[in-house]
């Protein structure tokens, strides 16, 4: 399984990258990759889990791609990732799931939730 993390060096937007770095040893069966360009998603086939911060959510949860709304664009990253995710969903390859972390929450405050949901996701995919 592949987990792609997105983010930037901006405080609050780097939480997914920090969490992936902390979880690498806990999940040896998962390949964690930090991405800087949404087009990198297209390199992968099969199931891909994206870990990224999401504005407007209160707790770590899976986010439906269809719920990603066009909104005021603050960075090119926001536009590109949403665009690519919707395009990929239409094409169906790879099969993308988003695990969203509340924006501006610290990695230390969300890592246990991410760990739990990642375990559940892995078990579900193994069935």
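Just so you know, all these numbers are worked out from the coordinates, no wet-lab data involved. These figures come from a predicted structure and were not determined experimentally. We place every Cβ from the backbone using ideal geometry, glycine too, and count neighbours over all the protein chains shown.
Overview of results
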quantity: Relative contact order (%) - segment 2-126, alpha-carbon pairs under 8 angstrom, separation at least six; calculated: 33 percent
quantity: Distance from segment 1-25 to segment 101-127 (C-alpha centre basis), Å; calculated: 12 Å
quantity: Projected label distance in nm at residue 108 and residue 87, using a 7 Å step from Cα toward the beta-carbon; calculated: 3.9 nm
quantity: DSSP-defined beta bridges in segment 2-126 - what % are antiparallel, rounded to 5; calculated: 15 percent
quantity: Virtual spin-label span in nm between residue 123 and residue 39, 7 Å along Cα→Cβ; calculated: 4.0 nm
quantity: Helix-derived mean residue ellipticity, 222 nm - over the chain, DSSP H n ≥ 4, -39500 (n - 2.57), to 500; calculated: -11500 deg cm²/dmol
